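Reviewing the structure listed below.
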Amino acid sequence: MSAGKQATTGLRPNGAGGHPGPLLFCFILTTFLIFGCGHGLKGSPAGSIFLEANDFFAQGNYEASLGKYEKLIEKDPENADRALFEMGIVYSHPGNHRKCYQKALECFRKIVSEHPNSAYRRDSQMMMLQIQNVIIKDNLIAAQQAQIDDYHQEIRAREDEVAALEKRIKALEQKVFELRTEPVDRVLIEKQNRRLALISRGEVIKTYKIALGGNPVGAKERRGDKKTPEGIYTIESRNRDSEYHLSLRISYPNDKDRKRAQDLGVSPGGDIMIHGIKNGLSWVGGFHTEIDWTEGCIAVTNKEIEEIARLVPDGTPVEIRP
């Protein structure tokens, strides 16, 4: 394409009053730079510089490409309008991570104001319109994104407030629980959920995460199988001198357990407790529930067994579910 001939870049309205969309806009820019540069000037110094500028653009070296166009404007003022037009394209190209719409507009405005007879004047006006539309849309998107960021920040602040309130509620519930003197009606142990619940008047008043025997699946059958029993029992005694801080003995084996063991010709075993952490290892705390480590007992932390023992008197029913 050479000065003096009508510039043809494909930048034309899509029908009456329409403008190319963003994807078409990108396509037009790329097509123009790849196929539109250097034509009509082959063999001339200006043509050589245009080709070099286009090569740099194709390589993604936009700064070098712009430098060539600036050099061409100094050496060949007659082709300044074309150089300005292609500089405007480079400045506004989506692939240019340092693109600057304002500099692109400056290039196109110079063509309109300083080169009124340029073949690139009409296309420059079209490009100015396109870029101004893009700037408006970018500003709108930026404003919407800023608003979204504000909403996210507000949500995070509210989440922190909720978490703080939940923490306060939990602390207050614990204080109320510590003031409770009425014993519970029963203890429910759910092996699969690793959960012990204290139940009073049909409502769960507190739950604890527990550890079980090292072989927890299935009901206990014999001594040494490291299974935690399943069935209905009671708390039959307690030991404050336990090797596991404090322990509540469960009335295992019951009649059903004894019969099963008798049928198998084995000893049903015994000494099944709800207890704390082994003496000397209390620092483990709640981490003890990461594995099932007992010989078949139900383990909680030392603080938890103190709470449970205070509200679970001897004779309290205990249900152990699979």
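The values are calculated or read from the model by the stated rules, or taken from the named source; none is laboratory data. Just so we're clear, the structure is a prediction, and the values are computed from it rather than from any experiment. We place every Cβ from the backbone using ideal geometry, glycine too, and count neighbours over all the protein chains shown.
Data table
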quantity	calculated
Evaluation of GLU182 against (1) surrounded by 12 or more Cβ atoms within 10 Å (Cβ to Cβ); (2) farther than 26 Å from GLY296 by Cα; (3) in contact with a Ser or Thr (Cβ under 9 Å, 6 or more places away or on another chain) (one fails), failing number	(1)
Check on TYR91, modelled with pLDDT of 90 or more, more than 27 Å from ASN117 (Cβ to Cβ) and assigned by TED's automatic domain parsing to the domain that holds ARG122	no
Filter result for the condition that a residue is closer than 21 Å to VAL217 by Cα and either in contact with a Leu (Cβ under 7 Å, 6 or more places away or on another chain) or free of Cβ contacts under 8 Å to residues at least 60 places away in the same chain (or both), over VAL312, VAL284, VAL300	VAL300
Number of positions in segment 287-297 that are loosely packed, with under 13 Cβ neighbours inside 10 Å and under 16 Å from PRO216 (Cβ atoms)	2
Members of segment 235-259 found to be in contact with a strand residue (DSSP E or B) (Cβ under 8 Å, 6 or more places away or on another chain), among the acidic types (Asp, Glu) and not in a strand (DSSP E or B), listed by number	ASP257
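Residues checked against (1) in contact (Cβ under 8 Å) with a residue 40 or more places away in the chain; (2) within 44 Å of the chain's Cα centre (by Cα):
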{"position": "ASP81", "(1), (2)": "yes, no"}
{"position": "LYS99", "(1), (2)": "no, yes"}
{"position": "LEU105", "(1), (2)": "no, yes"}
{"position": "VAL134", "(1), (2)": "yes, yes"}
{"position": "ASN139", "(1), (2)": "no, yes"}
{"position": "GLN145", "(1), (2)": "no, yes"}
